[in-house]
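Undergrad: Got a structure for you, questions after.
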Amino acid sequence: MPLTKAIKAGITIPELIKTAADDDDYLILFTPTGDPYKITKTNFLSGLSGVGNGGGGSGDTYFNDVVLLLPFDGNINDIKGHSVTATGTPTIDTTQYKNGTGSLNLDGDSYLSIANTTDFELGNGDFTIECWVYPTFSAQVRNIAVHRNNYASDQSWSLNTYHPQDIGKISFFANNANEISLNSSFKPAMNTWSHIAICRSTNVFTFYGNGVSAGVTTSGSSIRTTSSNMYIGQAPDSPSEKWIGKIDDFRITKRCLYTENFTPPGKLPTN
């Protein structure tokens, strides 16, 4: 049914005609109760594709920009083909997971490492690092994922619960000695699944907890390269701060997927 003033009073039909939409252009849609709302082209397509706001589609519009995808459905394999090594006794939990058929279960003595590759170099480009977490601890410093051997000398980035004012809230650090720091206001609840995402759009870094912006910082610095492997659930220079709990659908995309609050994704597409 075409959109007209007679159907939805107060909505003016623009006369401007474009043959292509920019990522930040808006679409006007309506809720089932008839209330109008706007959504960016990027998030609209994300909802259709299964990336970002929806998860209902069969493919990922930006799959070519994905450099790491760990769904933890039956194994620890990376869909993008990078080598993943288990240390300790990490397991796949098929009873408590967010999406798919399983999640990574870590007991505080186990972790994963992914061999370093230039695929993981973020530089000064846009990116999104995201996953679901299910902590079984409270108010402790624990590492979710890092790309470093030592934070002071060869850190690319770190995602953990080391918040200087409130241990347990999520923080993102990048470059040596935490040159770039984003201490969010989001603390994932114990024994509950929470979606976390850190995005860079040009010089703006935004953290989202369960799809809601919970911290912003700006920096024009490039994310440094490192010779270190990437680690899920631990940092080599902080062996006592391994993750305790579960992680699901860990993904790194070299694109800023979220520029406003969003509905966390369902099962991530693998193509």
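Undergrad: I'm told Thr192 meets every condition in (1) part of a strand (DSSP E or B); (2) surrounded by fewer than 17 Cβ atoms within 10 Å (Cβ to Cβ) except one. Can you identify the failing condition by its number?
TA: (1)
Undergrad: Follow-up question, since we're still on this one. Can you pull out every residue in segment 96-126 that is in a strand (DSSP E or B), out of contact with any Asp or Glu (no Cβ under 9 Å at 6 or more places or on another chain) and within 21 Å of Asn75 (Cβ to Cβ)?
TA: Start the filter on segment 96-126 by keeping residues that are in a strand (DSSP E or B), which leaves 103-107, 111-114, 123.
Cutting the leftovers down to out of contact with any Asp or Glu (no Cβ under 9 Å at 6 or more places or on another chain) gives us 106-107, 111-113, 123.
Selection gives Leu106, Asp107, Tyr111, Leu112, Ser113.
Undergrad: Go through segment 212-235 and count every residue that is assigned to a loop (DSSP other than H, G, I, E, B) and either crowded, with 17+ Cβ neighbours inside 10 Å or of a type in the set (S, T, N, Q) (or both). Spell out the reasoning first.
TA: Here is the first cut: in segment 212-235, the ones assigned to a loop (DSSP other than H, G, I, E, B) are 219-222, 224-229, 233-235.
Now restrict to residues that are either crowded, with 17+ Cβ neighbours inside 10 Å or of a type in the set (S, T, N, Q) (or both): 219, 221-222, 224-229, 233-235.
Qualifying residue count for the region: 12.
Undergrad: Taking the options His82, His147, name whichever one is buried (at least 18 other Cβ atoms within 10 Å of the Cβ) and farther than 26 Å from Lys187 by Cβ. Let's see the steps before the verdict.
TA: Details: His147 fails: farther than 26 Å from Lys187 by Cβ.
Within the list His82, His147, the selection yields His82.
Undergrad: Something else now. Give the residues of segment 151-166 that are of a type in the set (A, V, I, L, M) and surrounded by 16 or more Cβ atoms within 10 Å (Cβ to Cβ), sorted by residue number. Step through it out loud before you land on a result.
TA: Narrowing segment 151-166 to residues of a type in the set (A, V, I, L, M): 152, 159.
The answer is Leu159, and nothing else.
Undergrad: May I ask you to verify whether Phe250 is closer than 24 Å to Leu106 by Cα, touching a Cys at 6+ places or on another chain (Cβ under 8 Å) and in a strand (DSSP E or B)? Before the answer, list the steps.
TA: Details: closer than 24 Å to Leu106 by Cα: yes; touching a Cys at 6+ places or on another chain (Cβ under 8 Å): yes; in a strand (DSSP E or B): yes.
Yes.
Undergrad: Also: Restricting segment 86-144 to residues that are among the acidic types (Asp, Glu) and touching a residue at least 60 places away in the same chain (Cβ under 8 Å), which is surrounded by the fewest Cβ atoms within 10 Å (Cβ to Cβ)?
TA: Filtering segment 86-144 down to residues among the acidic types (Asp, Glu) leaves 93, 107, 109, 119, 121, 126, 130.
With touching a residue at least 60 places away in the same chain (Cβ under 8 Å) added as a condition, the list becomes 93, 107, 109, 121, 126, 130.
Details: Asp93: 16, Asp107: 16, Asp109: 14, Glu121: 17, Asp126: 17, Glu130: 22.
Selected residue: Asp109.
Undergrad: Can you tell me which residue among Phe172, Phe186 is within 22 Å of Asp119 (Cα to Cα), within 15 Å of the chain's Cα centre (by Cα), surrounded by 15 or more Cβ atoms within 10 Å (Cβ to Cβ) and modelled with pLDDT of 95 or more? Outline the logic, then answer.
TA: Values: Phe186 fails: within 22 Å of Asp119 (Cα to Cα).
Answer to the check: Phe172.
Undergrad: Return the residues of segment 70-79 that are surrounded by fewer than 15 Cβ atoms within 10 Å (Cβ to Cβ) and on the phi < 0 side of the Ramachandran plot; say none if nothing qualifies.
TA: Initially, segment 70-79 is screened for residues surrounded by fewer than 15 Cβ atoms within 10 Å (Cβ to Cβ), giving 74-75.
The answer is Asn75, and nothing else.
The values are calculated or read from the model by the stated rules, or taken from the named source; none is laboratory data. If you're wondering where the values come from, they're calculated on a predicted model, not measured in any experiment. As a convention, Cβ positions derive from the backbone with ideal geometry for all residues, glycine included, and neighbour counts pool all protein chains shown.
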